[in-house]
Every structure is written in C-alpha cells, then in structure tokens.
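The values are calculated or read from the model by the stated rules, or taken from the named source; none is laboratory data. It should be emphasised that the depicted structure is a prediction, and the values quoted were computed from it without experimental measurement. We place every Cβ from the backbone using ideal geometry, glycine too, and count neighbours over all the protein chains shown. Side chains included, ligands, DNA and RNA excluded: accessible areas come from the protein's heavy atoms. Shrake-Rupley method; radii C 1.70, N 1.55, O 1.52, S 1.80 Å.
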Amino acid sequence: MDSTAIEVIEFIKENDIKFIRLTFCDILGTQKNISIMADQLESAFEIGISFDAHSILGFRDVTRSDLFLFPDPATLAILPWRPGPGRVARFYCEIKNPDGSLFLHDGRILLKQVVKRAEKLGYFVKIGAECEFYLFKTDENGEQTEIPFDKGGYLDIYPLDLGEDIRREICLTLEEMNVKPETSHHEQGPGQNEVDFEFSDAVTSADNLQTFRSVVRAIAARNGLYASFLPKPLPGAPGSGMHVNISLMQNGVNIFKNKNDGHSKVAESFIAGILERISEMTAFLNPLKSSYERFGEFDAPRYISWSHQNRSQLIRIPAAKGNKVRMELRSPDPSLNPYLAFALIIAAGLDGIEAEMKLKAPVDADLYTAGIDVTKELESLPDSLGLALNLAANSDFVKQTLNEELLYKYINLKKLEVGDNG
C-alpha cells in the first residue's frame, strides 16, 4: 500500500467509521456500490473486492463474471446523512480484471487515459459542470408525482422559490464531502434548481458530479421530495441541461482568453475539434430519447456553432477574466455518464489541437429567432437518439476513444430504449 492508503486506514480507525462503500458506475453512469466493514479496507487496497460483473449493465457475460474493486484513497468522503455511531465512508474505485490489469469498460479509467494524453501534449484540463434538476412532490406512498415542488422561475426568491432550504442543505452536505459549491439558484422551470461547484481536474469533476447527483437525491428524499435529472421531465417546461465548462492550462497559464484579449490558436483548435466531433458523440452527451426534446428551446442549442457570450450557441465563451475564462458546451444533459462524456469531449478537443483545426467564424445571431437566411448554412445536432446512435456506431473517433467493444455494448443497450420510433 502507498502512504496515502495507510493514512486513510488510520483516519478510518480514529473516526468511528465502521462501514465502507466502494462506489463505481455502470456503462450508463448509474451508481453502484458494495459495502464492506472497515476492517476489510486494507484488503480492499491490496487485493480488491470482487463483484459479479455479469449483473452490471455493459460489463461482462456470465462466463467471465469476476471483477475487482480497488478504492482510490484520494476520494475518501464521509456520508453526512449517515452519522455515528458507526459512521459510513465512501470511496470511488478503479475496476480491475482477475489478472490485475485494468478493466477497459470502466469509464473512470478511460477518462484517466485521455487526461494522460492531454498531459503528454502539455495541457492540464479543468472542468466545471452546471447541473440542473427538478424537485417533485411525492404521494402518500413516497412515490414520485408530476407535481413540481413550487412555481418559481429564474432567480426567484421565497415564497415563489420553495427550494432554497433544500439547496442550502445540498450545499452544506457537499462541503462536508469535499465538494465545494460556488452558486445555487432557482432555474426557469417550476421546481427547477441549479447548483454549480468549483472547477477541478477532469476525473475529480466527474467524481464530483456523481457525488452531487447522489447528494441531491438523498437530501430530496429526506425532505419528502423526488429529485429528477431527466432532460425533459415536464412537457412544455424548460429542460434540464448540464453545461460543461472547460479551461486548458499550459505551464500554469489558462490558454483561453476573453473576447478583447484575442484567442490563442490552440484554444481555437480545441473548440474546432469539439465542433467537428459533436454529432458523433451526442449519443453519450444526450443519452435518452427525451434528451432530443430539449434541443432548440429554453436556452438549449440546436445548431453546431459558437460565439462569445451568446446563449443560443452550442459553444460560447462567457465573459470572464484570467483563469475564469473558459469554453462552455451547452448541449449535454444531466442523464449522461460523466466519465465517458468528459473523455469524448476532451479527446475531440485534443484531436483538434493535434490537427491544428481552424475555427469557423462565430455566429453572433440569436439562433432561437434567426431566419432561414442564417440557419440554412448551419449544421444541426442530431434530432433523435436513433440518429445519434447511428453516428456514434460509424465513428472511428468514438471507437478509438472508448474502445469498440464498449461502444457496441452501449449502442445495443440504448437501441432497446429507442425501439422502432427512434
């Protein structure tokens, strides 16, 4: 064991932690975990904890069903809603084969590989996610209803906004779990909320998003509510997006610049690479049929374009200064698997850098109201999950980034959802 694991074991002993949750996710991003007693943690670090991979979507068939979880000691967090005596801690895990090799359908491992590629090129990737969600009332049996928790709108306050205490509890819980929230507010839809947390390296940001979704669901349930991360939970109401903000650091300096300072060619090529590959990876950024009902309305993009500040674009450069300057990708939604999604987005940008792709001119029009004279020149995002899956299936880029076997498993699972109507 390394020194960090040894320190973690001592911390566990000294803080009345009795249960350890070893957490990972399936190919679709659904969180899974195994709980072990604290005295088994040393063994988990050294030889792993086995589980039935055949029972996890997209992992293994029944003839090769054994895989092993190895906790990442840097991801230790105590679950605040499980207080002492007998406290509960959680670790995110790497997944390995019985021979000790990495399991290459583990999205967390795939994301780490893309991050290493960026580092070899001299870049450190920072990501921040802006995740929207809805709060719904529950019935007398605790089941979800379609009744929003309130009727508030964008940035409303009490009494229109009834979610402020829930968001406060979410933020305090996140802080206790080493995830630093930055802002929170009521969003446009009835019962719709947003909590944003600070930029981190790509893997930590994906871990933080998984933590965030679990915290929101737990806090909502404790308050008799249901939290939904569906992209379009209410017809006619705003969908929930998950804007992905990315900065690239080179020698400690952010290569993204604001409009007045001019762009670096590298930053432009990074954006150009993402625009070039966006349709091929949309099935992973927008993985549900209802994801495509969101595009083109309520601030969700439809066209493959970019600009400064303009919120009708697929990619925009928000007004900011210094290390706060970043690109914002506005198409993803919170139902995605963040490890696979972030891996694809970063890899596309790196392809753009390596190929020295040229960034097209910005589109400064409001694309929600622009006429055909503007939009006829623009390519659209896929308008259905079925189309997005076909584009992914034929993409050499996706196959190379995620590996071909994982891609086909993902597509086959998603085609079961699509059925005959796309």
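Worth a mention:
- Residue selection: L135 fails the criterion of being out of contact with any Leu (no Cβ under 9 Å at 6 or more places or on another chain), in contact (Cβ under 8 Å) with a residue 12 or more places away in the chain and surrounded by 21 or more Cβ atoms within 10 Å (Cβ to Cβ).
- Against the test of being in contact with a strand residue (DSSP E or B) (Cβ under 6 Å, 6 or more places away or on another chain) and surrounded by 21 or more Cβ atoms within 10 Å (Cβ to Cβ), the options L111, L209 yield a single qualifying residue, L209.
- Entry remark, region 138-175: residues being charged (D, E, K, R) and either buried (at least 16 other Cβ atoms within 10 Å of the Cβ) or in contact with a Gly (Cβ under 9 Å, 6 or more places away or on another chain) (or both) number 7 in total.
- Residue in region 44-59 that is most open to solvent (accessible area, probe 1.4 Å), counting only those that are assigned to a loop (DSSP other than H, G, I, E, B) and touching a residue at least 40 places away in the same chain (Cβ under 8 Å): L57
- In region 176-186, the residue that is nearest to L350 (Cα to Cα) out of those that are open to solvent by 40 Å² or more (accessible area, probe 1.4 Å) and either outside any loop (DSSP other than H, G, I, E, B) or of a type in the set (D, E) (or both) is E182.
- Restricting region 390-422 to residues that are basic (K, R) and closer than 24 Å to R330 by Cα, the residue that is surrounded by the fewest Cβ atoms within 10 Å (Cβ to Cβ): K399
- Among the residues of region 187-202, none qualifies, meaning not one is part of a helix (DSSP H, G or I) and of a type in the set (S, T, Y).
- Taking (1) more than 24 Å from G153 (Cβ to Cβ); (2) open to solvent by less than 10 Å² (accessible area, probe 1.4 Å); (3) of a type in the set (A, V, I, L, M) in turn, M249 satisfies each apart from (2).
- Residue within region 220-228 that is open to solvent by less than 10 Å² (accessible area, probe 1.4 Å) and aromatic (F, W, Y) present: no
- When region 332-389 is filtered for residues that are in contact with a strand residue (DSSP E or B) (Cβ under 8 Å, 6 or more places away or on another chain), open to solvent by 40 Å² or more (accessible area, probe 1.4 Å) and outside any loop (DSSP other than H, G, I, E, B), only S380 remains.
- Set L28, L41, L22: member being assigned to a loop (DSSP other than H, G, I, E, B), among the hydrophobic types (A, V, I, L, M, F, W, C) and at pLDDT 95 or above: L28
- The combined condition, being surrounded by fewer than 19 Cβ atoms within 10 Å (Cβ to Cβ), within 13 Å of I9 (Cα to Cα) and touching a helix residue (DSSP H, G or I) at 6+ places or on another chain (Cβ under 8 Å), is not fulfilled by A89.
- Residue in region 284-303 that is touching an Asp or Glu at 6+ places or on another chain (Cβ under 7 Å), assigned to a helix (DSSP H, G or I), open to solvent by 40 Å² or more (accessible area, probe 1.4 Å) and within 25 Å of L391 (Cα to Cα) present: yes
- Here is the figure for region 229-246: residues that are in a strand (DSSP E or B) and either more than 24 Å from L285 (Cβ to Cβ) or open to solvent by less than 10 Å² (accessible area, probe 1.4 Å) (or both) total 4.
- Taking region 6-19 as the range and being surrounded by fewer than 19 Cβ atoms within 10 Å (Cβ to Cβ), outside any helix (DSSP H, G or I) and not basic (K, R) as the test, the residues that pass are N15, D16, F19.
Every residue, every condition in (1) in contact with a strand residue (DSSP E or B) (Cβ under 6 Å, 6 or more places away or on another chain); (2) of a type in the set (D, E, K, R); (3) within 30 Å of L406 (Cα to Cα), yes or no:
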residue: H243; (1), (2), (3): yes, no, yes
residue: S247; (1), (2), (3): yes, no, yes
residue: G252; (1), (2), (3): no, no, no
residue: N258; (1), (2), (3): no, no, no
residue: I271; (1), (2), (3): yes, no, yes
residue: P287; (1), (2), (3): no, no, yes
residue: Y292; (1), (2), (3): no, no, yes
residue: A319; (1), (2), (3): no, no, no
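- Among the residues making up region 1-60, those that are charged (D, E, K, R) and closer than 30 Å to P287 by Cβ are R21, D26, K32, D52, R60.
- Listed conditions (1) surrounded by fewer than 19 Cβ atoms within 10 Å (Cβ to Cβ); (2) under 24 Å from the mean Cα position of the chain (by Cα); (3) not small (G, A, S) are all met by N97, apart from (2).
- Residue ID - farthest from K126 (Cα to Cα), chosen from residues in region 166-205 that are touching a His at 6+ places or on another chain (Cβ under 9 Å) and modelled with pLDDT of 95 or more: Q192
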